[in-house]
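Chemist: So that we are looking at the same thing, I have put the structure below in structure tokens.
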Amino acid sequence: MKDRLAALIGALRARGVPVSVAEAIDAATAAAAVGIERVALADALAAALVKDEGDRALFDECFARVFRARAAASAAARRRRSRTSAQEGGDAGAALSHGGGSGTRGRDSPVSAVSTSAAATAPRRSPAGVSEAPPSSTSHAPASVGREVGGAAGAAKNDEAVRGASFAACDDAGAPSRRSMARARALRALPFDAMSPRDVDEATVLVRALAQQVSVRLRRRLRPRPRWRLDFRRTLRAATPHGGVPLVRYFRGRRPRPPALVALCDLSASTATASDFFLALLAPAAAWFARVRLFGFVDRLVEIEFVDGRVRPAARLDLMARSDFGRVLADLTTEVATDLTADTVLLVLGDARNNRRPPRADLLRLARARVRRVVWLNPEPLRRWDSGDSVIGLYARHVDVLVPCGSIAELAAAVAAMVRR
Amino acid sequence: MEITPEAVREGLTRARYITTARVETVLYLALVLEKPLLVEGPAGAGKTELAKVVAAMLGTELIRLQCYEGLDEAHALYEWNYQKQLLRLQVDRDTETSWEELSAHVFSRDYLLERPLLRAIVAPRRVVLLIDEVDKADEEFEAFLLEVLSDYQVSVPELGTIHAIERPVVILTSNQRRELSEALKRRCLHLFLEFPGVEKEREIIALKVPDLDERLRARVAEFVAGLRRLGLRKAPSIAETLDWARALVALGIRELDADAVRRTLAVLLKHEEDVHRAEPKIAALRRR
């Protein structure tokens, strides 16, 4: 049992599911507590090892592979099938009949169910731990199942794969919310440059929800904090009826002054997706800043508006031009100079790929001296920073915060960090 | 009660909670291993109810901590009862008490306002502690929670460390408004509570609204399951299904025709856009 458990944990880790030592111990204790009844064992181990429901299908797959005692498995499968039919009747039935046509739970029906579930199974993590979107054209042929499990083609392996996935099929059939949750999670972690147009569409909805949260959060931060300083006068006055004993204390809090915001977004093709999402995140929060000025740039600075999810520049902006951060910074320190005040947060979203033009980092230093904070968001992955024509290293010296924002998750974290003070 | 898988199953049935084998298994584990149980899932799938049922099952008290943004230790753990301390000092003013006596007195347990976490820890018998919607609390609070959940002890500077007499059964719920920290997840057993399937939901309706006749019950369960598949902004919860069933009984509706559904849809769907989205599909959903 110990070996099997170790194999299972190894398999999970290899697929990118994080399993700590403490969780491994929990799993062992859990297994000892529930015994060897297959379904209960799977549930128990999953509860201890899998903390992200998006990984459950993966777990079931690994579980089936590791605990492959055939006789027991087929018996459990029979029991499981009857249990599932009783439990999730309509839903599971619908999924099965979708694949198998007649909906009878015969010998071959799990196979047909698998083909649908394999296509529907939410994005899985690759060994590197990076989520990947499901291939948009997963074939519905049972052959795809072999590929799902790692390129196994032999009949025996295939059989095993079928069993593993049919586990997932039973569970996933009635779980639209679970699937969408896994999808949302995958989208959040997906790098912008790997997004397909369909991903972008779905992510837009996600970003709208996130933007709401950011807005709420910002509003909370700007609420007066009552527990700051004793309001002496009020406390004393309230104490008079109690013979001067201050039974009730009153506190006074200063309302935090909302910062002003100047945001510069790189609209060139390489960072366009990141910019769009960034603006979408910021747009509902705009009301909570004292002043907001949004600018877009490629080779020069143009004031933009963000309306109904679209960027609307005030003047013509050549999106095909070559980025020139130096000139943009020059524009910033001359034309926008009056808006760079002591309570301004200056936000820059850009990859700092300057096409070998003068970077003018001195202008950024100048700007920083005038504002409260400079926050730079770089949509490029960390390893590409300072490679080729990237001058992010030069700018990094003159910003307060420099964060990567290559995916929605990073972007949201960056905006949240910006809101926090 | 002695904790065995069978006892848990029976206990849940006795507490009138219908659920799957998975929930039973994981709940049994949480009780046996004495680990906190993190329950995630869509709103309205019965997460909070599960905690209430566990308390009923064990015949013990449920202590509930509702999380919100800005929740701090003073509201979650303990606070000194300032007014009471002050009164004490007033009373003691004329008596000759030394400083040591006095401070030992006003900083004793009598002057401590116990908030849910502390109450769960000092309870003389095993209680159920429900930490509801932990995803709404700040990250700082989550970190603080880690300390409490791993050792079941709390330190009050003036009193010293207070250990749990009986480890409470801790159930945390989350609607996944944000990702919880890995550290918190690691310390908990995980359970994903999905909406019940059609069969289970029918059983639930049968149990909670016995007046609804059997045929209609099946139609209600199927219709609601169909609605949940539409990807609405807010899918109808189990409680709403039950409300709907009660509404149908109250209105004396015997047949689930399109008109009846339209008249009562407001019980199930609470967003205008969801109603607009569902209305054209009523006929299709009914036929399913």
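Chemist: Using helices alone, what [θ] at 222 nm do you get for chain B, with -39,500 (n - 2.57) per DSSP H run of 4 or more residues, divided over all residues and rounded to the nearest 500?
Modeler: -15000 deg cm²/dmol
Chemist: Can I ask one more? If you project the alpha carbons of segment A:260-333 onto their three principal axes, what span does each projection cover, largest first, in Å?
Modeler: For segment A:260-333, the Cα spread along each principal axis is 33, 26, 19 Å.
Chemist: For a quick check of understanding: with a 1.4 angstrom probe and all protein chains in place, what accessible area in square angstrom does residue B:158 have, to the nearest ten?
Modeler: 90 Å²
Chemist: Rounding to the nearest 10 and keeping the result within 0 to 90°, find how far the Cα-based axis of helix B:47-58 lies from the longest principal axis of chain B.
Modeler: 70 degrees
Chemist: Using alpha carbons only, how many angstrom separate the centre of segment B:269-286 from the centre of segment B:32-70?
Modeler: Each part's Cα centre sits 32 Å from the other's.
Chemist: Okay, moving on. Looking at chain B, how many pairs of lysines come closer than 24 Å at the Cα, when each pair is eight or more places apart or spans two chains?
Modeler: For chain B, the number of qualifying lysine pairs is 27.
Chemist: What do the square roots of 5 times the Cα gyration tensor eigenvalues come to for chain B, in whole Å, largest first, as semi-axes of the equivalent ellipsoid?
Modeler: Numbers: eigenvalues 418, 87, 64 Å².
Working from the Cα gyration tensor, I get semi-axes of 46, 21, 18 Å.
Chemist: I've got another one for you. Please name which of B:106, B:220, B:80 has its Cα lying farthest along the dipole of chain B towards the positive end, using unit charges on Cβ (Lys, Arg +1; Asp, Glu -1) and the Cα centre as origin.
Modeler: B:220
Chemist: While we're on this one: Could you give the alpha-carbon Rg of segment B:136-288 over 2.2 N^0.38 Å, rounded to two decimals?
Modeler: That ratio works out to 1.46.
Chemist: Can you tell me the equivalent ellipsoid semi-axes for segment B:5-63? Use √(5λ) from the Cα gyration tensor, largest first, whole Å.
Modeler: For segment B:5-63, the ellipsoid semi-axes come out as 15, 13, 13 Å.
Chemist: How much net charge surrounds residue B:215 when only other residues with a Cβ under 14 Å from its Cβ are counted (Lys, Arg +1; Asp, Glu -1)? Let's see the in-between values first.
Modeler: Details: positive: B:202, B:217, B:219, B:254, B:286; negative: B:211, B:213, B:214, B:222, B:255, B:257.
Surrounding charge for residue B:215 is -1.
Chemist: If you take the charge dipole of segment B:175-214 about its Cα centre, with +1 on Lys and Arg Cβ and -1 on Asp and Glu Cβ, which of B:198, B:184, B:210 is farthest toward its positive end?
Modeler: B:184
Chemist: Another question about this same structure. Taking Rh as the Kirkwood radius, which is the inverse of the mean 1/r over Cα pairs, what is the Rg/Rh value for segment A:19-68?
Modeler: 0.94
Chemist: For residue A:26, what charge total do you get from the other residues with a beta carbon under 14 Å from its beta carbon, if Lys and Arg give +1 and Asp and Glu give -1?
Modeler: On the way: positive: A:51, B:35, B:185, B:186, B:187; negative: A:23, A:43, B:34.
Once positives and negatives cancel, what remains is +2.
Chemist: Given contacts defined as C-alpha pairs under 8 Å and at least six residues apart, what's the relative contact order of segment B:124-253, whole-number percent?
Modeler: Relative CO of segment B:124-253 lands at 23 percent.
Chemist: For the Cα atoms of chain B, what angle does the longest principal axis make with the long axis of helix B:198-208, in degrees from 0 to 90, nearest 10?
Modeler: Helix B:198-208 sits at roughly 70 degrees to that axis.
Chemist: Now for a separate question. Take every Cα pair under 8 Å in chain B that's 6+ residues apart, average their separations, divide by the length, and report that relative contact order as a whole percent.
Modeler: Working: 405 pairs, mean separation 63.5, N = 288.
Contact order relative to length: 22 percent.
Chemist: Net charge near residue A:362: determine it from the other residues with C-beta under 12 Å of the C-beta of residue A:362, scoring Lys and Arg +1 and Asp and Glu -1.
Modeler: Numbers: positive: A:360, A:365, A:368, A:397; negative: none.
Charge balance in the 12 Å sphere: +4.
Chemist: On each of the three principal axes of the Cα atoms of segment B:1-107, give max minus min coordinate, whole Å, ordered largest first.
Modeler: Principal-axis extents of segment B:1-107 (Cα, largest first): 66, 34, 23 Å.
Chemist: Relative to the compact-globule scaling 2.2 N^0.38 Å, provide the ratio for the alpha-carbon radius of gyration of segment B:36-94.
Modeler: Rg over 2.2 N^0.38 Å, computed on Cα atoms: 1.82.
Chemist: What does the average come to when, for each residue of peptide B:28-35, you count the partner chain Cβ atoms lying within 10 Å of its Cβ?
Modeler: Values: counts 6, 12, 2, 1, 5, 8, 0, 5.
Per-residue shielding by partner chains comes out at 5.
Chemist: Note down the magnitude of the dipole of segment A:317-407 about its Cα centre, charges +1 on Lys and Arg C-beta and -1 on Asp and Glu C-beta and zero elsewhere, to the nearest 20 debye.
Modeler: With Lys and Arg at +1 and Asp and Glu at -1, about 280 debye.
Chemist: Which one, A:311, A:341, A:396, projects farthest toward the positive side of the charge dipole computed for segment A:293-400 from Cβ point charges (K/R +1, D/E -1)?
Modeler: A:396
Chemist: Grab the alpha carbons of segment A:277-421, take their convex hull, and tell me the volume per residue in Å³.
Modeler: Cα-based convex hull of segment A:277-421, divided per residue, equals 112 Å³.
Chemist: Sticking with this one: Would you mind checking the tilt of helix B:238-251 against the longest principal axis of the Cα atoms of chain B, expressed as 0 to 90 degrees and rounded to 10?
Modeler: 50 degrees
Chemist: I'd like the accessible area for residue A:322, computed on protein heavy atoms only with a 1.4 Å probe and all protein chains in place. Round to 10 Å², please.
Modeler: Surface accessible to solvent at residue A:322 totals approximately 140 Å².
Chemist: Over segment B:67-173, consider all pairs of different Cα atoms and compute the Kirkwood hydrodynamic radius from their mean reciprocal separation; express it in Å, one decimal. Don't jump to the answer; show the numbers that get you there.
Modeler: Details: mean 1/r = 0.0654 Å⁻¹.
Hydrodynamic radius (Kirkwood, Cα pairs) of segment B:67-173 is 15.3 Å.
The values are calculated or read from the model by the stated rules, or taken from the named source; none is laboratory data. Given the structure is predicted, the values throughout are model-derived calculations rather than measurements. Here the Cβ is made from the backbone with ideal geometry for all residues, glycine too, and neighbour counts use every protein chain on show. Only protein heavy atoms, including side chains, enter the accessible area calculation; ligands, DNA and RNA are left aside. Shrake-Rupley method; radii C 1.70, N 1.55, O 1.52, S 1.80 Å.
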